[in-house]
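In what follows, a single structure is set out as C-alpha cells and then discussed.
The values are calculated or read from the model by the stated rules, or taken from the named source; none is laboratory data. This one's a predicted model, so the numbers in the text were calculated from it and none came from an experiment. Heads up, the Cβs are rebuilt from the backbone with ideal geometry, glycines too, and the neighbour counts pull from every protein chain shown. Surface areas here come from the heavy atoms of the whole protein model, side chains and all, with no ligands, DNA or RNA. Shrake-Rupley method; radii C 1.70, N 1.55, O 1.52, S 1.80 Å.
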Amino acid sequence: MVHQESDKSDMKMKILLAAKKLFAQHGYEATSVRQICEEAGANVALVSYYFGGKESVFHEIFKQFFPAIKLTEFYEVEDPLAGIQQVIREVVKIRNEDPQLISLIQMEIITITPRVDKMRELVFPLWRKVRDLLDKGRHEGLYVFESLDSTLMFVLGAMFFYKQREFFEPMFTEERPDMEMLIGQTTAFIMRALGYNE
C-alpha cells in the first residue's frame, strides 16, 4: 500500500514537472494534456484522475513550487533598506533556481490571461510589501525618486522580469555571473537607481 502511494505521488510530481516545463516553453493555451502526459510518461487519463483537468494542474504547479511560505518572512520586515535587499536576494535566487516557474508567471502577466487573477493573488502580497518599503525609505530620506508607482515597476523589472539572457548571449563578452554575483549586481543597480547613498 505504501509502495502504491509512493508511485502515485511520483507520477503526480512527474506530471506537474512536465506541465511546468511545457507551460513555460509554449504557454498554457498551446500545451495539451496529451503533450504533458507524453513528457511525463503518463497515461492521459491520469491528469483527470489526479487533478481534474489541465487548469487544476496549472494551479497545483503554484501550490507545489511557488515559495509562498519563504516569501511571507519578508512581510514582517520594517527596515526599508534591509527589506529591499532581502527581497532582491530571494527573488534572484528563485529566478535562478526555478526559471520555468518565473517564465510561466511572466507569460501569464504579459499576456493577461484568464488566470491572471491567480497570479495577482500569488505575487501582489510581496509586491505590496516592496511598495511599502520603497515608500517608507523615501519618507526616511534613504531613497530619492519622484513616482512611487513608476519606481515600483522599475524595481520589479530589474529583479523579477530579468530579460532572457539566452537571447542576448551572442552579444556578451563576460563570463555568466554566478548567483551571488548576480544578487550583488542586481542589488547595486537597484540601490543606485533608488538614489541610496551609502
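Here are the numbers:
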| read-out | value |
| --- | --- |
| Arg115-Glu140 FRET efficiency (beta carbon distance; Förster radius 30 Å; 0.05 resolution) | 0.20 |
| Apportionment of accessible area to carbon and sulfur, segment 66-194, percent (1.4 Å) | 59 percent |
| Pairwise Lys count, segment 8-98 - Cα closer than 24 Å, eight or more residues apart or different chains | 24 |
| Computed over segment 34-74, the ratio Rg/Rh where both radii use C-alpha atoms and Rh is Kirkwood | 1.15 |
| Mean separation of Cα contacts under 8 Å (6+ apart) over length of the chain, as relative contact order % | 21 percent |
| Two-decimal Rg/Rh across the chain, once Rg and the Kirkwood Rh are taken from alpha-carbon atoms | 1.04 |
| Accessible surface of segment 1-63, 1.4 Å probe, proportion on carbon and sulfur as whole % | 49 percent |
| Accessible surface, the chain, averaged per residue in Å² (probe 1.4 Å) | 59 Å² |
| Neighbour-limited loop hits for GluC sites (Glu not before Pro), segment 56-163 (at most 11 other Cβ within 10 Å; DSSP other than H, G, I, E, B) | Glu78, Glu140, Glu146 |
| In segment 133-191, the trypsin sites (Lys or Arg not before Pro) that fall in loop regions by DSSP, at most 11 other Cβ within 10 Å | Lys163 |
| Reciprocal of mean inverse Cα separation for segment 1-63 (Kirkwood radius, Å) | 11.5 Å |
| Mean projected area (nm²) of the alpha-carbon convex hull when segment 137-198 is viewed from all directions | 5.3 nm² |
